[in-house]
Amino acid sequence: MTGHVVTLCGGVGGAKLAHGLTMALQPDELSIIVNTGDDFTHLGLHISPDLDSVIYALAGLSDPIRGWGRRDETWTFMHALEGLGGENWFRLGDGDLAVHVERSWRLAQGAKLSEITAHLCQQLGIAVRVLPMSDDPVRTRVLTSEGWLDFQEYFVHRQCRPVVQEFEFAGAGTARAQPGALAALERRDLRAIIICPSNPFVSVEPILAVPGIRAAIEQSDAPVVAVTPIVGGKAIKGPAAKMMLELGLDVSGAAVARRYAGIIDGFVIDQADPIPQPLSDITFFGAATLMNTTDDRLRLAHAVLQAADTLRGIASVA
């Protein structure tokens, strides 16, 4: 089936599926909307962790061991900074640093984050459109047992140790959806909207909090399919399971599906987990969701697209 596909993406798992979709589709058939709620300023530089995870994955530069940053990274800058007594809790490799410097310099010259992202993609040979959710700042904050913390303070500096109670997306109320992202969601030839296996609280919900994006998804005739970030009661990557437990939720794919109730039509759960009891207006599909290899990424991309096409077929019959 032809048509355009839009994916909402954040984190390492999201970047992996985004990469799989670039292999399954032609470049003009895919738009990737990326969370920027994780963005922050560090050492005077604008850091965009989720955008960089996606860019590195699509360019074949991701570090397969650490799961974040660039492969074959060197650390001369960090060693020199540590020797000066500088802050070292957020590790910036030398190649990674070049991206942050280039982004920060261009922002200071007045360029938009989306323009800079397009420039980086072009320089790294990425043909699909990678779109920040907004060019305006939106910052995820976490209410914890120790008070409100900026997301990177909670996630990296505090290593997710404080107990989570609530999230807020500062600036979301007045942020404007990136025009290209909104236009992609409103295309008449939209084949599917895919929510990647990303943390629902801090990777997907910041995107949905930007005015216009949730409404565009809800009003779209295209099937909306989400992929579980939880397998066997554990997060594939990151603190999603810990967050769910601390918020009093079941640590399961079904609980993530319920979180998305009202905007998704289908949910892909890992084939090793039992298919949950039916939920109103959500159809469950089973697939191998662990993406340890490039072939795994492509296989899951095809499975998700097939789920979306199945839902479209069901809707047309109905």
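Assorted remarks:
- Cα centroids of region 215-264 and region 51-115: 29 Å apart.
- The GluC sites (Glu not before Pro) found in region 124-211 include none that occupy coil by DSSP while having at most 11 further C-beta atoms within 10 Å.
- Summarising the strand pairing of the chain, around 40 percent of its internal DSSP beta bridges are antiparallel.
- When the chain is treated as a GNM with alpha-carbon contacts under 10 Å, the residue of Trp68, Trp148, Trp89 showing the greatest mean-square fluctuation is Trp89.
- Extension gain, Asp150 back to Leu245 (0.36 nm per residue minus Cα-Cα distance, nm): 32.2 nm
- Environment charge at Lys237 (Cβ cut-off 15 Å; Lys +1, Arg +1, Asp -1, Glu -1): 0
- Gaussian network model of the chain, springs between alpha carbon atoms under 10 Å - residue of Leu30, Leu58, Leu247 with greatest fluctuation: Leu247
- Percent antiparallel among DSSP beta bridges (both partners in region 1-138, rounded to 5): 30
- Along the axis of the charge dipole computed for region 4-317 (Cβ charges of +1 for Lys and Arg, -1 for Asp and Glu, origin at the Cα centre), the listed residues His4, Ile195, Thr76 are led at the positive end by His4.
- A simple charge model with +1 on the Cβ of Lys and Arg, -1 on the Cβ of Asp and Glu and nothing else charged puts the dipole of the chain at about 220 debye relative to its Cα centre.
- A cut-off under 14 angstrom between Cβ atoms defines the neighbours of Thr41, and their net charge, with Lys, Arg +1 and Asp, Glu -1, is -3.
- Normalising the average separation of contacting C-alpha pairs (under 8 angstrom, six or more residues apart) by the number of residues puts the relative contact order of region 22-113 at 20 percent.
- For Lys242, a cut-off of 29 angstrom between C-alpha atoms picks up these lysines, skipping any fewer than 8 places away in its own chain: Lys16, Lys234.
- Model label sites at Arg71 and Thr310, defined 7 Å from Cα along the beta-carbon direction, differ in position by 3.3 nm.
- Calculated SAXS-style log₁₀ I(q)/I(0) at q = 0.08, 0.10, 0.13 Å⁻¹ - the chain, Debye, Cα scatterers: -0.33, -0.53, -0.92
- The residue list Gly14, Ala287, Leu61 was ranked by how far each Cα lies along the charge dipole of the chain toward its positive end, using unit charges on Cβ atoms, and Ala287 comes out on top.
- Count Lys and Arg as plus one, Asp and Glu as minus one, and take only other residues whose Cβ is under 9 Å from that of Ala175; the net charge is then -1.
- Fluctuation leader among Phe40, Phe155, Phe90 - the chain, Gaussian network, Cα springs under 10 angstrom: Phe90
Here, each number is a calculation from the coordinates, and none is a lab measurement. Only a predicted model underlies this, so the values are computations on that prediction, with no experimental measurement involved. In this analysis, Cβ positions are derived from the backbone assuming ideal geometry, glycine residues included, and neighbour counts consider all displayed protein chains.
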